[in-house]
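To keep things clear, I will list the structure first and then write my remarks on it.
The values are calculated or read from the model by the stated rules, or taken from the named source; none is laboratory data. As the structure is a computational prediction, the values presented were derived from the model and not from experiment. For neighbour counting, all protein chains shown are included, and Cβ atoms are generated from backbone atoms with ideal geometry for every residue, glycine included. Note: areas computed on protein heavy atoms with side chains; ligands, DNA, RNA excluded. Shrake-Rupley method; radii C 1.70, N 1.55, O 1.52, S 1.80 Å.
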Amino acid sequence: MAQLLFLAFLIGGGWFLYRKFVADAEKLSRRRREQERERQTGANGTLIQDPETGEYRVRKDED
């Protein structure tokens, strides 16, 4: 029984790590596409609108 629990824990941990890896890879890919688009257009950054004030600001990496 302990072996089954260990195997289930191992499979669950592997699945969690796989999903984390895929999410990070997608985030990195999306960031690279945006940077390439900015480079092609000559932009210095991407503007986003603040929903509270309505003002535009340059998007930071963590946004």
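The residues of the chain expose on average 96 square angstrom of accessible surface per residue, using a 1.4 Å probe on protein heavy atoms. Computed on the chain, with alpha-carbon pairs under 8 angstrom and 6+ residues apart, the relative contact order is 15 percent. Secondary-structure-derived ellipticity at 222 nm for the chain, considering helices only, amounts to -23500 deg cm²/dmol, per-run term -39500 (n - 2.57) for DSSP H runs with n ≥ 4.
Hey, any idea what % of the chain's accessible area is carbon plus sulfur with a 1.4 Å probe?
Details: 3530 of 6070 Å².
With neighbouring chains kept in place, the figure for the chain is 58 percent.
Applying the criteria of a DSSP loop state and at most 11 other Cβ atoms within 10 Å to the chymotrypsin sites (Phe, Trp or Tyr not before Pro) of the chain yields no site. The heavy atoms of K20 present about 110 square angstrom of accessible area, all protein chains included, probe 1.4 Å. Picking from A2, A43, F16, whose Cα lies most toward the positive end of the charge dipole for segment 1-56 (charges on Cβ: Lys, Arg +1; Asp, Glu -1)? Farthest along the dipole direction, towards plus: A2.
Note down the magnitude of the dipole of the chain about its Cα centre, charges +1 on Lys and Arg C-beta and -1 on Asp and Glu C-beta and zero elsewhere, to the nearest 20 debye. Present the calculation step by step, with values, prior to reporting the outcome.
Details: 12 positive and 11 negative charges, 68 e Å.
The dipole magnitude comes to about 320 debye.
Measuring only protein heavy atoms, the 1.4 Å probe finds R32 accessible over about 130 Å². Against the longest principal axis of the chain, how steep is helix 2-41, in degrees 0 to 90 to the nearest 10, with axes from Cα atoms? Its long axis makes an angle of about 10 degrees.
Take D24: with every protein chain present and a 1.4 Å probe, its accessible area is about 80 Å².
Between the DSSP loop rule and a limit of at most 10 other Cβ atoms within 10 Å, which GluC sites (Glu not before Pro) in the chain are left?
Hits after loop and neighbour filter: E52, E55, E62.
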